[in-house]
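Asks: One structure, pasted below without further comment.
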Amino acid sequence: MISPPLLAIDDLEVRFRTEEGESTPVRGVTLSVAAGETVALVGESGSGKSVTSLAVMGLLPRPAGRVARGRILFRRRSEQIVDLAAMPSSEMRKLRGSEIAMIFQEPMTSLNPVLSIGEQIAESVRQHMGLGRAGAVKRAVEMLDLVEIPDARRRVDEYPHQMSGGMRQRVMIALAMSCNPSLLIADEPTTALDVTIQAQILALIDRLRREVGMGVLFITHNLGVVAEVADRVTVMYAGQVVESSPVKDLFRSPRHPYTSALLNCLPARAKRGADGRRMVQSIPGTVGNVGEGCAFAPRCAHSIEMCRTSSVALEADGERSARCLRWREILA
Amino acid sequence: MWLTLGRRIGGLLIVMFLVAAMVFFLTRLAPGDPAALMLGDQATAEDIAHLRQVYGLDKPILVQFVLWLKEIATGNLGQSIFLQRPVTQAIAERAEPTFFLALFSVSIAALVGIPAGIVSAVWRGRVVDQIVSGLAMLAANIPSFWLGLIFIQFFAVRLGWFPVAGYGDPGAPFVERIAHLALPATVLGIVNSALIIRFTRASMLDVLSDDYIRTARSKGISEIRVVLRHAFGNALVPIITVVGLTAALLVGGAIVTETVFGLPGIGNLVVSAVLRRDYPVIQGALIVVAGIYVLINLLIDIIYTFVDPRVRY
Amino acid sequence: MEQSPILLFFRRMFRRKLVLVACIVLFVIVLMALLAPWVAPYEPTAIRVIRRLKPPNELNWLGTDEFGRDILSRIIYGARASLGIGFAVVMVSMTVGTLFGLLAGYFRPLDGAVMRVVDALMALPDILLAIFLVAVLGASAFNVVLALSIVYTPRVIRVVRASTLVIRELPFVEAARALGVSARRILSVHILLNVASPVLVQATFIFAYAVLAEAGLSFLGAGVPPELPTWGTMIASGQQYADDAFWVVLFPGLAIVLAALSLQIVGDGLRDMLDPKLRKAL
């Protein structure tokens, strides 16, 4: 018997009201994360991947942003399935930080500079686990130990400005893990870090996932990172999912031209030029106005007239799906 | 930290020196011989010459300045021409109403201004924000003496809730003093809350868009806690600055309000000294007011170290 | 469609209706002050003892004062002195303040000295410094302008210096320097043009402060001579009749509030429009 996934986003549409009018950064996103698996959500900036994650957290900027359509189904610890998109904000708050936790891109600015890191972790623990002050501080020390911060007992009283970026990101992870979440959303957690620190942080998140058995939604624009951490990948472009696939299949045979283009941008995949050096590719053009047809068509080498005029549906095929009219032809 | 504090104190001493120099030399620009002024109309030329000698007014002006600086450095601000007593004593006698007026006014201004500014920032652009910002704008542009006159008319003359003016009999209980200070402190509280509202709103808006606020929200704590503990804690430094400076400027800046309400404070002393050309009193009051301003600035710097761990280490 | 810059300026400026209203109010006040002899219903100094301290009525819309003089006419004439002094203060403090601000911001050695003097001047509350200066200079309209200019120049210096410090590091200034353009030309062309907008915003605020401060000084008897009708002297001389004839104090004060408030709103509007960061956030 297959249990329902931990997180199932179904046809999610997010709208923002701005001075210039209404925009739709997320247009019908569908994806799922099962317990114990890591799903990477990939796309360039502005593709809607971060907005999707904020919608799951119930942290869309108010009053500008709102979920206009779709459901975000989440399986609670009690096995009850709830729709996060339709949840009253007071209920959502109880899940946030306890069953669903998030770590952010900027470790340097994501921690409150005037509170000690112990206070910041303890605050979350006291809120959700009902521990007293002493218990919460003890828990904070345990969490710092868990994320391999040396001398946790002393460092728990330190302030963020006394720590390096890598250490701060460990603190962020400790904070996120402090109430044993079943779903962790990691929004570009290593982008701002040195490459060596990056690998350590990735290994740490992966170790915790295995030990706790939580699901991880890993948001990144870096396909190199995806290859290391993810079980499955969902690629977004201009607010839509263009391809979803197990990670191995995606790297072996991408179906959507945008995915192929992204893969060609990876240094390891770059074709060697005449002088034997690898040439890093780029995708020509920019994301244009989204109209009727395929959003990627204006930049796509394979696009035909029909790509621009008719709407393109996400075509599922077993474990994989792609939003392209011609993927079979292109593959062949 | 000690180094920066030391540097700050050095800078503040220079500021005090410049204030003293400005006060001294500008006073010498004033028309009329101070000695003749002191002695009045019936003085003979010999009397004036004698007094000039006694006060060292016959010496070169730079020598006079140095001698005067020495005096004020030891706390002697000279002798009042009209009050028959040392300037320090005259100021000390008038300090109490000014001190309490400043204290009550800044308390009212802060108690109104900080919550209003926070509310305005949290509901930015909504009706509450527009009302609060509009009222702040209005309050900043009302002359305090005019508002004082209107309050006196309404609350004291028509309704009789408060005494019209003055500071009560000497030796009256403090409760009576409070009744006398209520209206002027409210007027100054309203007028000065404007700046505090605008500052609080601006710093809260600044802080509320910071990344750690999103982190705090992601922890599932209540929005009130996010605003008061996480945002306000970080907006505290500029807010403390503006409240402190308001307090400092109220010590000598409540002149007009003191006059309207007939409060025998330092402002009142300055006005009567100006009208009587009692220069030693004017000079002394200016030095004292600037000194208090400088001291409060230092105090603000010290408070920073308690509020912001980044300054502490 | 391409829009002319002037049109764009006005469209941005008046996005908020309040700013438009404030501009109109200011315009009307200034026009009344300029055209006072034609606009005012009476001579501001015409004494009619039988009509003293009359409440607002159809002959004297805002009532009469203790000498039977028409308050509306005195407010209209008073605008000349009050706004005239305010405007003069703005012109003087802007000119002097911009000059010293540029010098302090551009020439490092001057910076310390200028800013210390600015600190010293700002260590004294505005009104206390002003009353001291008027006391030593003597009470006259000219000296009130001088005193208030000394009080408000430091604010301009601070604003100009801060902007200059930023602008002097910008690539185009560096480039000009590298090309051997003289410091005088860099300051007068490149930097001055760029500090113009913060100075303009500051000028409207100083205008409002100066109107308020002038009223305060006149009220204390340390401003312009009482014969000259200004909004401050009107309140000062009407003060003792306030118990029976409230309008004597009320209307001149409202004139001050209206003028200062309009100036402040216009200044705010200018700042929101000129500051690109704020503009986006609006």
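Asks: Suppose all protein chains stay in the model; what accessible area per residue would a 1.4 Å probe give for chain A, in Å²?
Replies: 45
Asks: Going by average Cβ density within 10 Å per residue, which order do the peptides B:131-141, C:178-188, A:116-126, C:102-112 take, highest to lowest?
Replies: Those peptides, ordered most packed to least, come out A:116-126, B:131-141, C:102-112, C:178-188.
Asks: Considering only protein heavy atoms and a probe of 1.4 Å, how much of the accessible area of the stretch B:2-73 is carbon and sulfur, as a whole percent?
Replies: 68
Asks: Please list, or write none, the aspartates and glutamates whose alpha carbon is within less than 13 Å of the alpha carbon of A:LYS138, excluding same-chain residues fewer than 8 places away.
Replies: Cα-Cα hits under 13 Å: A:GLU119, A:GLU123, A:ASP157.
Asks: Right, here's the next one. Quick check on the stretch B:259-301: take the gyration tensor over C-alpha atoms, sort the square-rooted eigenvalues as a ≥ b ≥ c, and tell me if it's rounded (a/c under 1.5), prolate or oblate.
Replies: oblate
Asks: What would the Debye formula give as log10 I(q)/I(0) at q = 0.10, 0.17 Å⁻¹ for the alpha-carbon point model of the stretch B:91-308, no solvent?
Replies: -0.52, -1.16
Asks: Using Cα-only point scatterers and the Debye equation, what is log10 of I(q)/I(0) for the stretch A:111-178 at each q in 0.22, 0.28 Å⁻¹, rounded to two decimals?
Replies: Scattering profile of the stretch A:111-178, log10 relative to I(0): -0.82, -1.33.
Asks: Ratio of chain A's C-alpha Rg to 2.2 N^0.38 Å, to two decimals?
Replies: So chain A has a normalised radius of gyration of 1.04.
Asks: Follow-up question, since we're still on this one. Quick check for me: using +1 on Lys/Arg Cβ and -1 on Asp/Glu Cβ, what's the dipole size of chain B about its Cα centre, in debye to the nearest 20?
Replies: 1160
Asks: If you take each beta carbon of peptide A:137-149 and count the beta carbons of other chains within 10 angstrom, what is the mean?
Replies: Mean number of neighbouring Cβ atoms from other chains: 0.
Asks: Kindly compute the accessible surface that chains C and B hide from a 1.4 Å probe when together, both sides summed, and give it to the nearest 100 Å².
Replies: For C against B, buried area totals roughly 3800 Å².
Asks: Applying the Karplus parametrisation 6.51 cos²θ - 1.76 cosθ + 1.60 with θ = phi - 60° to the phi angles of the stretch C:156-162, what ³J(HN,Hα) value in whole Hz is obtained for each residue in order, glycine and proline being reported as x?
Replies: My calculation for the stretch C:156-162 gives 5, 4, 4, 5, 5, 4, 4 Hz in order.
Asks: Too long at a 29 Å Cα-Cα cut-off: which of C:LYS17/C:LYS54; A:LYS49/A:LYS248; B:LYS219/C:LYS17; A:LYS49/C:LYS17?
Replies: C:LYS17/C:LYS54; B:LYS219/C:LYS17; A:LYS49/C:LYS17
Asks: For the protein assembly as shown, what Kirkwood radius comes out of the mean inverse Cα-Cα distance, in Å?
Replies: Result for the protein assembly as shown, one decimal place: 32.7 Å.
Asks: Helix C:192-220 versus the longest principal axis of chain C: what is the Cα-based angle in degrees, 0 to 90, to the nearest 10?
Replies: 30
Asks: In whole Hz, what ³J(HN,Hα) sequence does the stretch B:135-148 give by Karplus (6.51, -1.76, 1.60; θ = phi - 60°), x for Gly and Pro?
Replies: Once θ is set to phi - 60°, the couplings for the stretch B:135-148 become 5, 4, 4, 5, 4, 5, 10, 9, x, 5, 5, 5, 4, x Hz.
Asks: Compute the helix-to-body angle for B:232-253: its Cα long axis versus the longest principal axis of chain B, expressed 0 to 90° and rounded to tens.
Replies: Relative to chain B, helix B:232-253 is tipped by roughly 20 degrees.
Asks: If we count every other residue with Cβ under 11 angstrom of C:VAL136's Cβ, Lys/Arg +1 and Asp/Glu -1, where does the sum land?
Replies: +2
Asks: Is the stretch A:25-158 rounded, prolate or oblate when judged by the Cα gyration tensor, a ≥ b ≥ c being the square roots of its eigenvalues, rounded requiring a/c under 1.5 and prolate requiring a/b larger than b/c?
Replies: It comes out prolate by the Cα gyration axes.
Asks: Continuing with this model, one more query. Dipole of chain B (Lys/Arg Cβ +1, Asp/Glu Cβ -1, origin at the Cα centre): which of B:VAL66, B:LEU298, B:ALA182 lies farthest to the positive side?
Replies: So the residue furthest toward the plus end is B:LEU298.
Asks: Whole Å is fine, so just give me how far the alpha carbon centre of the stretch A:9-45 lies from that of the stretch A:67-98.
Replies: Using only Cα atoms, the two centres lie 16 Å from each other.
Asks: If you rank A:PHE218, C:PHE246 by how much accessible surface each has, with a 1.4 Å probe, what is the order from largest down?
Replies: C:PHE246, A:PHE218
Asks: Another question, then. Express the relative contact order of the stretch A:111-178 as a whole percentage, based on alpha carbon pairs under 8 Å and six or more residues apart in sequence.
Replies: 44
Asks: Would you rank A:ASP317, C:ASP268, B:ASP58 by solvent-accessible area, highest first, keeping every protein chain in place and using a 1.4 Å probe?
Replies: Most to least solvent-accessible, the answer reads B:ASP58, A:ASP317, C:ASP268.
Asks: Averaged over peptide A:57-65, how many Cβ atoms belonging to another chain are found within 10 Å of each residue's Cβ?
Replies: Taking the mean over all residues of the peptide, I get 2.
Asks: Between helix B:266-276 and chain B, what is the angle of the helix's C-alpha long axis to the longest principal axis, kept within 0 to 90° and rounded to the nearest 10?
Replies: Taking Cα atoms only, the helix is inclined about 40 degrees.
Asks: Something else about it: Ignoring ligands, DNA and RNA, how do B:LEU295, B:LEU67, C:LEU26 rank by accessible area with a 1.4 Å probe, largest first?
Replies: Result of the area sort, largest leading: B:LEU295, B:LEU67, C:LEU26.
Asks: What is the sum of charges, Lys and Arg at +1 and Asp and Glu at -1, for the other residues whose Cβ falls under 15 Å from the Cβ of C:ALA113?
Replies: The answer is +2.
Asks: In whole angstrom, and with the biggest value first, how far do the Cα coordinates of the stretch B:2-73 range along each principal axis?
Replies: So the extents along the principal axes, rounded to whole Å, are 57, 20, 17.
The values are calculated or read from the model by the stated rules, or taken from the named source; none is laboratory data. What you see is a predicted model, and the numbers here were worked out from it, not measured in a lab. Here Cβ is always computed from backbone atoms with ideal geometry, including for glycine, and neighbour counts include all displayed protein chains. Note: areas computed on protein heavy atoms with side chains; ligands, DNA, RNA excluded. Shrake-Rupley method; radii C 1.70, N 1.55, O 1.52, S 1.80 Å.
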